[in-house]
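Beneath this line is the structure, given in structure tokens, with notes to follow.
The values are calculated or read from the model by the stated rules, or taken from the named source; none is laboratory data. Here the structure is a predicted model, which means the values were calculated and not measured. Backbone-built Cβ (ideal geometry, glycine too); neighbour counts: all protein chains shown.
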Amino acid sequence: MSCLTDKVAIVTGSSRGLGRACARELADHGAKVVLNYYTNKESADELLAEMTGKGQEAIVVQAGVAHPDDCNRLIEETVKRFGAVDILVNNAGVNRDRTIRRMSAEEWREVMATDLDSIFYCTYAALPHMIERGGGRIVNMSSIVGQMGNLGQSNYAAAKAGIVGFSKSAAQELAKFNISVNALCPGFIETEMVTNLTEDVQKALLAKIPLGRFGRPEEVARICRFLVTEGEYVTGAQININGGMYMQ
């Protein structure tokens, strides 16, 4: 359970949902973990207490990753505390669902800034430290919505599709530095985004999933952990985790 001993991992948006599960998984396998939140301090502090209670090394850094200065500070505080950056999980995201005709420019921009721009900002800030370290692993959280599109989510779909394109380009650029870059494309997972849906909507979604159930956050987290450990020959991949709802 210690395959990540001495590795330093940053997980953005790790106070809840998939980010929380990924942070737990990496810490459980020995990584020193930097938890990040924007507004949900209580949840981040709870996770920190859980980790330190198990003897794991972790810190919490508040940063709004839609802002480049905050991303720079996130990396700087990581290096100041742990001396390196080995793993970056770009997970932070928001959704502001609305049809195109009703969507404001602010709602479009907020989603693009948090879900897509942040991946560039954090990657850019982390790269010098990964290169100095002799390599690194970057995992970017995309979505099935970026592959299929979805009614009322044009902003979210565009951002998540952009993550795949960014990941493939970055993988080509950074391979010479022994840095892998991959995109995870989860389907409908048992997070707040799904559990808050009405029962009728959940039933309609389940009817489209061949495995007949929603995914669990831990299932996504285990694939994330594989990519930063044994999956060293995997780069430029988009990995579907959707129960067969979308096959490519």
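Only residues that are touching a residue at least 60 places away in the same chain (Cβ under 8 Å) and not in a helix (DSSP H, G or I) were counted across segment 132-158, and they come to 5.
Taking (1) under 20 Å from Thr191 (Cβ atoms); (2) β-branched (Val, Ile, Thr); (3) exposed (fewer than 14 other Cβ atoms within 10 Å of the Cβ) in turn, Thr12 satisfies each apart from (3).
Considering Arg102, Arg133, Arg73, which residue is basic (Lys, Arg) and touching a strand residue (DSSP E or B) at 6+ places or on another chain (Cβ under 8 Å)? Exactly one residue qualifies, and that residue is Arg73.
Scanning segment 90-102 for residues being closer than 18 Å to Ser118 by Cα and touching a Gly at 6+ places or on another chain (Cβ under 7 Å) gives a total of 3.
The set of residues in segment 91-108 being in a loop (DSSP other than H, G, I, E, B) and either buried (at least 18 other Cβ atoms within 10 Å of the Cβ) or of a type in the set (Gly, Ala, Ser) (or both) consists of Asn91, Ala92, Gly93, Asn95, Ser104. Can you pull out the residues in segment 109-123 that are touching a residue at least 24 places away in the same chain (Cβ under 8 Å) and either outside any helix (DSSP H, G or I) or not polar (S, T, N, Q) (or both)? Glu110, Val111, Met112, Ala113, Asp115, Leu116, Asp117, Ile119, Phe120, Tyr121, Cys122 - these are the residues of segment 109-123 that are touching a residue at least 24 places away in the same chain (Cβ under 8 Å) and either outside any helix (DSSP H, G or I) or not polar (S, T, N, Q) (or both). Answer with yes or no whether Leu127 is touching a residue at least 12 places away in the same chain (Cβ under 8 Å), closer than 14 Å to Gln238 by Cα and among the aliphatic types (A, V, I, L, M). When the stated conditions are applied, Leu127 does not pass them. Taking first residues from segment 188-199 that are at negative phi and in contact (Cβ under 8 Å) with a residue 60 or more places away in the chain and partners that are in a loop (DSSP other than H, G, I, E, B) and not small (Gly, Ala, Ser), the Cβ contacts under 8 Å between residues at least 6 apart in sequence or on separate chains come to Ile189/Phe214; Ile189/Arg216; Thr191/Arg16; Glu192/Arg16; Met193/Asn95.
Looking only at segment 199-241, residues that are farther than 30 Å from Val8 by Cβ, assigned to a loop (DSSP other than H, G, I, E, B) and not charged (D, E, K, R) come to 6 in all. May I ask you to verify whether Ile100 is under 26 Å from Val8 (Cα atoms) and β-branched (Val, Ile, Thr)? No, not satisfied. Looking at segment 34-45, can you tell me whether even one residue there is within 23 Å of Gly134 (Cα to Cα), out of contact with any Asp or Glu (no Cβ under 8 Å at 6 or more places or on another chain), hydrophobic (A, V, I, L, M, F, W, C) and modelled with pLDDT of 95 or more? Among the residues of segment 34-45, not one is within 23 Å of Gly134 (Cα to Cα), out of contact with any Asp or Glu (no Cβ under 8 Å at 6 or more places or on another chain), hydrophobic (A, V, I, L, M, F, W, C) and modelled with pLDDT of 95 or more, which makes the answer no.
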